[in-house]
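The values are calculated or read from the model by the stated rules, or taken from the named source; none is laboratory data. These numbers come from a predicted model, not from an experiment. In this analysis, Cβ positions are derived from the backbone assuming ideal geometry, glycine residues included, and neighbour counts consider all displayed protein chains. Keep in mind that these areas ignore ligands, DNA and RNA; they rest on the heavy atoms of the full protein, side chains included. Shrake-Rupley method; radii C 1.70, N 1.55, O 1.52, S 1.80 Å.
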Amino acid sequence: MLDIDFVRAQFPAFSEPSLQGQAFFENAGGSYTCGQVIDRLTRFYHERKVQPYAPYEASRLGGEEMDEARSRLATLLGVETDEVSFGPSTTQNTYVLAQAFRQFLKPGEAIIVTNQDHEANTGPWRRLADEGIEVREWKVDPDTGHLDTDELENMLDENVRLVCFPHCSNVVGEINPVLDITAMCHAAGAFVCVDGVSYAPHGFVNVGDLGPDIYLFSSYKTYGPHQGIMVMRRGLGQLLPNQGHYFNAGTLYKRFTPAGPDHAQVAACAGMADYMDALAAHHGVSAHGVHDVMRAHEVALLQPLLDAVKDRNSVRLIGPSDASVRAPTVALALNRPGEDVAAELAQHGVMCGGGDFYAVRALEAMGVDMNKGVLRLSFVHYTSEAEVTKAIEALDAVL
């Protein structure tokens, strides 16, 4: 079982006086930062804020920390070190990837996107239609938000070169079967790009085992600094046209990051691995076993919240009501604007948000009134049982 006291002791936010008495339920928009990341970021700015990789000591140490971050994250993700790259955000990384595919694909070839995605992992790909690429949409069930793999199988043919889908949606929350979908796409000759932004906060996955060619997530949602992290498997990375400086074309992790990296934030990402190692050691599990410990805690806390809202009058729970098949990101369509309800919940010490959360296509497909949007409560493994109870009681009072 997760030692919640140990976990919360790793996050300075929980001892911050200005945040006392408030329960944080907007983690899908960005998590609290663990102390290990803050310590590394502070040290870098104090001691190593110079151009890295030069022969003098401060520069050498700065470069080593950046390399350490890439190496340790690659180990967590089950891939090779040079298959991990950093960019300013997942949105920016996706735009760069779309540009590479723009040059790689031929008119008449096809890609598949979903309407379950955050716009960052669907908008850039859809623009390839301007170049004569066929864009096919894998549609959600309008009642449940579910993506049916049988529908995908019917869409795959010899023209499809790329399939883009989320590990889980930031409003539907249902966890998509990445391993099965990837195997299906590869069997049809298509590459796979998975948006892991909404799943990664709930446990780093072994991308090598799951098999997608690209896996994207954002470190500011996984307890780190504001960076986009991208796994690009070597087979695809060497096929796609280089998007970086021409003289960096031979280095895989530089091929799809044309902008210079934020040295301090890249180095600080090693703090996420420090945190995972600390969790693993404290709980007596492997680094990959931490994922299961985190998920078990989240599932246990999520089910009471789902039970409290699923049968309410004038409340529509978006996505499944079974905690075991979804992330703890709970969107509710109400009879008034979600943003207004979030403001009322703030008066009860519950921090959450309302709106569309850049999932406009998904919400429209499910018939949500976009003038109202949804109320979204999202939490992660550092959330306590008492905080979930507080959120449920606040919902009772407000709804």
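Working out 0.36 nm times the residue gap between Arg127 and Ser286, then minus their Cα-Cα distance, what length gain in nm do you get to one decimal?
Computed gain between Arg127 and Ser286 is 53.0 nm.
Using the Cα centre of segment 41-273 as origin and beta-carbon charges of +1 (Lys, Arg) and -1 (Asp, Glu), tell me which of Gln238, Pro55, Phe191 is placed farthest towards the positive end of the dipole.
Pro55
Which ³J(HN,Hα) values, rounded to whole Hz and listed in residue order, are derived for segment 355-365 from phi using the Karplus coefficients 6.51, -1.76 and 1.60 in 6.51 cos²θ - 1.76 cosθ + 1.60 with θ = phi - 60°, glycine and proline given as x?
Taking θ as phi minus 60°, the curve returns x, 10, 6, 6, 10, 4, 4, 5, 5, 5, 5 Hz for segment 355-365.
Step through the residues of segment 240-254 one at a time and calculate ³J(HN,Hα) from phi using the Karplus curve (6.51 cos²θ - 1.76 cosθ + 1.60, θ = phi - 60°), rounding each to whole Hz and writing x for Gly and Pro.
Taking θ as phi minus 60°, the curve returns 6, x, 4, 10, x, 4, 4, 7, 9, 4, x, 10, 4, 6, 9 Hz for segment 240-254.
Charges at C-beta only: +1 for Lys and Arg, -1 for Asp and Glu. How large is the resulting dipole of the chain about its Cα centre, in Debye rounded to 20?
960
Considering the chain as a Gaussian network with a 10 Å cut-off on Cα pairs, which listed residue, Lys49, Lys372, Lys221, attains the greatest mean-square fluctuation?
Result for the chain, Cα springs under 10 Å: Lys49 fluctuates most.
If I stretch the segment between Arg60 and Met155 completely, what's the gain in nm (0.36 nm per residue apart, minus their alpha carbon distance), one decimal?
Between Arg60 and Met155, full extension yields 29.1 nm more.
Once a ≥ b ≥ c are taken as the square roots of the eigenvalues of the Cα gyration tensor of the chain, is the result rounded (a/c under 1.5), prolate (a/b larger than b/c) or oblate (a/b not larger than b/c)?
oblate
I need the calculated FRET efficiency for the pair Ala300 and Ala346, taking r as the beta carbon distance and R₀ as 22 Å, to the nearest 0.05.
Once the sixth-power term is evaluated, E becomes 0.25.
Return the long-range amide H neighbours of Val163 (sequence gap of 5 or more, or a different chain), with a cut-off of under 5 Å between placed amide H atoms.
Ile112, Phe191, Val192, Cys193
On average, how much accessible surface per residue is there in segment 260-399, in Å², for a 1.4 Å probe, leaving out ligands, DNA and RNA?
Ligands and nucleic acids excluded, the result is 38 Å² per residue.
How much FRET efficiency would the formula 1/(1 + (r/R0)^6) give for Glu68 and Glu393, where r is the Cβ-Cβ distance and R0 is 30 Å, rounded to 0.05?
0.10
Positive end of the dipole of segment 1-105, charges at C-beta (+1 Lys, Arg; -1 Asp, Glu), about the Cα centre: which of His46, Met1, Leu76 has its Cα farthest in that direction?
His46
Using only Cα atoms, locate the centre of segment 1-59 and the centre of segment 160-185, then give the distance between them in Å, rounded to an integer.
30
Rounded to whole Hz and in sequence order, give me ³J(HN,Hα) for segment 113-121 from the Karplus expression 6.51 cos²θ - 1.76 cosθ + 1.60, θ = phi - 60°, writing x for Gly and Pro.
Whole-Hz 3J(HN,Hα) from phi for segment 113-121: 10, 10, 9, 8, 6, 4, 4, 4, 10.
Could you tell me what percent of the accessible area of segment 136-290 is made up of carbon and sulfur, with a 1.4 Å probe and every protein chain present?
49
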